[in-house]
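What follows is a single structure, written as structure tokens, with notes after it.
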Amino acid sequence: MPDPADRLIRLVQDDHTDQVIDLEDRLARRVLADSDRVFEDLIRRALAAWTRTYGGPGQKAVPGDILRRILAAAQAAVGRLLDGIADRAPGVLQDALTPALAMGSRQGAAFVRAASGRRHQAPRTPAVGRLLRDEAARIRGLVIERRDRALYLLHPDRVTRWSHLLAGLGAARAVTSEVRGHIAWVINTAVHQGLDAVVRATAPLRVWVSEADACVRCLAYTGRTAPVGEPFPGGLSWDPRQRGSRRPGVDGPPLHGRCRCRAVPWDDRWTTSGIPFPLALQREAQRSIGYGARRPSESRQARLRAARELLRTVDDLLPAVEARARTAVRTGRFPAAA
């Protein structure tokens, strides 16, 4: 039979996080539509025109009307595509704020029921605040800024090679990643605000829960508790190079873009058997550091420094975690997962 703390971890890290990711993905599809396919087609057509005109992607362009026509077509396509995204994005994201707040409230109530054994009704969904609406609206400016940067790079004065044209198209295409990141930031902020309403109504503490493969900063917060109304410490990280002892306290997740951490209600009286939930979370974080699980955006060196710090500061590591961390520090690479 699974340990009670393990069931709570799976509830938050798997079930509840999957619900948030599903909402993010649905919003991204509405905002971006088929932009990935359109960008691929645009790059393919631009390359074909360049090859047909100049003989291949390695050939330098000849200034003149043909180059201007190629770039004008690229500029028009980029403008249409990114203007459409800029027009759709704010409304789609703002319409999702109340559902995201309600999701946070429901998830908080479900966690309290699972942790305490007592039924708790989700509180009334908080109203959408001005700051949250402003963050949702800011997505338009992000897209317009990316559009203007791309159009600047696609000017005839700046394009003499295929690599220059591709750089301009790439700058435009990067908007898809930025849009997804901003959607994640806003939705997780809203979910956490809904969750925080449950925290304030049910428990004296908040406990930080990260994703299982979170970054070294988020994993340093995992399992930490803070009294309701008080911040978590600022500047934490398993990587000593990323720490900031003088940084102000952190009110709560999300900690950074694409962060899906959350601070859930907690009362030490809810622990009835097995390992306490906050300690179980810390063990999970230590396992993640020791095993070197990381996102593509995080360097191996940051994870190795974190593993070295784990060995230096934690005396009671699980044997398998300690063995893998020591191997990684000794060899400079983490063993492949079994």
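Decide, for segment 228-332, between rounded, prolate and oblate: order the square roots of the alpha carbon gyration tensor eigenvalues as a ≥ b ≥ c, take rounded if a/c falls under 1.5, and otherwise choose prolate if a/b is larger than b/c, else oblate. It is oblate, given that a/c is not under 1.5 and a/b is not larger than b/c. Ellipticity at 222 nm from helices only: DSSP H runs of n ≥ 4 in the chain, each -39500 (n - 2.57), divided by the residue count, give -20500 deg cm²/dmol.
Computed over segment 228-268, the range of Cα coordinates on each principal axis works out to 33, 23, 17 Å, biggest value leading. Extension gain for Arg119 to Asp157 (0.36 nm times residue separation, less C-alpha to C-alpha distance): 7.0 nm. For Arg312 and Ile275, a Förster radius of 22 Å and the Cβ-Cβ distance give a FRET efficiency of 0.40, rounded to the nearest 0.05. Considering only Thr222, Thr125, Thr271, the mean-square fluctuation computed in a Gaussian network model of the chain, springs between alpha carbons under 10 angstrom, is largest for Thr271. Does segment 20-126 come out rounded, prolate or oblate, given a ≥ b ≥ c as the square roots of the eigenvalues of its C-alpha gyration tensor, rounded meaning a/c under 1.5 and, failing that, prolate meaning a/b above b/c? Judged from the Cα gyration tensor, segment 20-126 comes out prolate (a/c at least 1.5, a/b above b/c).
When a/c reaches 1.5 or more, the comparison of a/b and b/c decides; with that in mind, is segment 1-40 rounded, prolate or oblate per its Cα gyration tensor? Since a/c reaches 1.5 and a/b is larger than b/c, the shape of segment 1-40 is classed as prolate.
Placing a label point 7 Å from the Cα of His256 along the Cα-to-Cβ direction, the residues of segment 197-228 whose backbone N falls under 20 Å of that point are 208-224.
As an exercise, use a Förster radius of 35 Å and the Cβ-Cβ distance of Arg247 and Asp267 to find the FRET efficiency, rounded to the nearest 0.05. That pair, Arg247 with Asp267, gives E of 0.80. Using the 1.4 Å probe convention, the accessible area of segment 51-140 works out to 54 Å² per residue with neighbouring protein chains retained. Close amide H partners of Leu205, meaning residues 5 or more places away or on another chain with modelled amide H under 5 Å apart, are Val228, Trp266.
Return the ratio Rg/(2.2 N^0.38 Å) for the chain, where Rg is computed over Cα atoms only.
Dividing the Cα Rg of the chain by 2.2 N^0.38 Å gives 1.19.
For the chain, which whole percent of the accessible surface, found with a 1.4 angstrom probe, sits on carbon and sulfur atoms? Carbon plus sulfur share of accessible area: 50 percent. Applying 0.36 nm per residue to the separation of Ser299 and Arg52 and subtracting their alpha-carbon distance, the gain on full extension is 84.8 nm. The three principal axes of the Cα atoms in segment 155-208 give end-to-end lengths of 64, 15, 13 Å, sorted in falling order. Based on protein heavy atoms only, segment 169-259 ends up with 38 Å² per residue of surface accessible to a 1.4 Å probe.
The values are calculated or read from the model by the stated rules, or taken from the named source; none is laboratory data. Because the structure is predicted, anything quoted here is derived from the model rather than measured. With ideal geometry, Cβ positions are generated from the backbone for all residues, glycine too; neighbour counts draw on all protein chains shown. All accessible areas refer to the heavy atoms of the entire protein, side chains included, with ligands and DNA or RNA removed. Shrake-Rupley method; radii C 1.70, N 1.55, O 1.52, S 1.80 Å.
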